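I have placed the structure first, in the form of structure tokens, so that the comments after it can refer back to it.
The values are calculated or read from the model by the stated rules, or taken from the named source; none is laboratory data. The model shown is predicted, which means the values in this text are computed figures rather than measured ones. In this analysis, Cβ positions are derived from the backbone assuming ideal geometry, glycine residues included, and neighbour counts consider all displayed protein chains. All accessible areas refer to the heavy atoms of the entire protein, side chains included, with ligands and DNA or RNA removed. Shrake-Rupley method; radii C 1.70, N 1.55, O 1.52, S 1.80 Å.
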Amino acid sequence: MDEAQTPELIKHFGSKFDLHPTAPEGARYSFAARELTREDGMRAFIDCYRPIIKGLDDKVAASYFAGSFGNVALAVQYAISVYSAMPKVSLSDLSVHLIPAEGYWRVAFSLDTWTFSPAPADPEQRISWRNGRLTQFYQETAAPLLSVLSNVTGLGISEIWGQLPTKFNYYIEMLAAGSNNGLMQTIQADYRYLTDEMPAAVFQLARNPFHVKVRKVEALADPASTVQMRNRCCLYYRTEGGSYCYTCPRLTEEERAKRRAEYRNSTASAQA
């Protein structure tokens with residue numbers, strides 16, 4: 001990666017993945033990620049986060065945070081595939097920020113130090129480099145953080161990891177579709193390593209959580225379109241006034257069909 005590209009890449013990280021060089025504007029609460037790998041530090045975070053998202057228990061806070069952390073993991077995947085460079089995302093440099101937005105609280109991240117490891121030019125060496133860098137990120141940064149999140153909140157570790165694949169599948173599909181043929185092949189090959197080849201032990205699981213079947217259902221508004229179902233329930237129904245999402249795997253197809261009919265009827269009435 002050309003050194004001149006670094007500011008552009010950092011800007012992309014902020015706009016696309018909410019990963020910034022400093023605490024984002026409006027941050028109300030901030031936590032050092034390394035402190036969240038201790039149970040007392042994670043407990044302090046959950047006790048702050050759960051009430052402001054109106055969570056009825058700790059598990060929904062765990063689910064929401066895991067989903068947000070998926071942005072950091074996506075940023076790593078993006079940099080490797082698009083820029084052939086690996087950012088150093090270590091727990092010692094990473095911070096978590098809670099930011100009030102319109103009707104919800106946003107979870108953003110920042111890195112104190114930004115350094116990039118460029119990929120080797122040789123294709124075979126690049127594969128080895130990619131495999132090593134992705135494994136290092138998940139083993140040394142993601143797994144320790146999410147493991148403590150599970151221990152403190154009681155949400156199973158497979159449920160926590162399960163918040164990431166839906167976001168990944170959607171984003172990778174969109175990214176590949178908007179890329180030229182060569183870049184598309186690189187994006188897909190890099191993602192296949194994560195989903196099909198990375199050992200499950202890296203995630204402290206018996207099965208790789210990214211190795212999932214993508215399921216699609218009829219879109220809520222348009223019968224000619226489909227949308228991706230969530231891999232795991234996000235537990236929105238465990239917030240005050242919450243309910244099951246239309247793409248929630250807990251919904252039966254009969255319940256989903258009823259939701260579609262109700263939505264389309266109400267839309268038609270409003271347009272009449």
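Here are a few things to note about the model shown:
- Considering only N151, N231, N180, the Gaussian network model of the chain with Cα springs below 10 Å gives its largest mean-square fluctuation to N180.
- With the gyration tensor restricted to C-alpha atoms of the stretch 202-262, the semi-axes of the equivalent ellipsoid amount to 25, 17, 8 Å, longest first.
- Here the chain is scanned for GluC sites (Glu not before Pro) in DSSP loops (not H, G, I, E, B) that have at most 12 other Cβ atoms within 10 Å, and the longest stretch holding none of them is 103-239.
- Debye-sum result for the chain in log10 I(q)/I(0), which assumes one identical scatterer on each alpha carbon, at q = 0.09 Å⁻¹: -0.45
- Unit charges at the beta carbon, dipole of the stretch 71-168: most positive-side option, A85, P100, L111: A85
- Expressed as a whole percent, the accessible surface of the stretch 149-272 that belongs to carbon and sulfur atoms is 51, based on a 1.4 Å probe.
- Karplus-derived HN-Hα couplings along the stretch 77-88 (A = 6.51, B = -1.76, C = 1.60, θ = phi - 60°), whole Hz, x at Gly and Pro: 4, 4, 4, 5, 6, 8, 10, 6, 8, 10, x, 7
- Solvent-accessible surface (1.4 angstrom probe) belonging to R133, in square angstrom, nearest 10: 80
- Accessible area (Å², per residue) of the chain, counting only protein heavy atoms and a probe of 1.4 Å: 48
- Whole-angstrom gap from the stretch 211-272 to the stretch 88-131, using each part's C-alpha centre: 32
- Fluctuation leader among A61, A101, A119 - the chain, Gaussian network, Cα springs under 10 angstrom: A101
- Three-way shape call for the stretch 116-272 based on the alpha-carbon gyration tensor, with the a/c threshold at 1.5: oblate
- ³J(HN,Hα), Karplus 6.51/-1.76/1.60, whole Hz, each residue of the stretch 174-190, x for Gly, Pro: 5, 5, 5, 5, x, 10, 5, 4, x, 5, 4, 5, 5, 4, 5, 5, 5
- Rounded to the nearest 20 debye, the dipole size of the chain about its Cα centre is 700 debye, using +1 on the Cβ of Lys and Arg and -1 on the Cβ of Asp and Glu.
- Within a Gaussian network of the chain (alpha carbon springs, distance under 10 Å), most fluctuating of P87, P100, P144: P100
- Gain upon complete extension [L91, S243; 0.36 nm per residue less C-alpha separation]: 51.3 nm
- Structure-based [θ]222 nm, the chain - -39500 (n - 2.57) summed over DSSP H runs of at least 4, per residue, nearest 500: -15500 deg cm²/dmol
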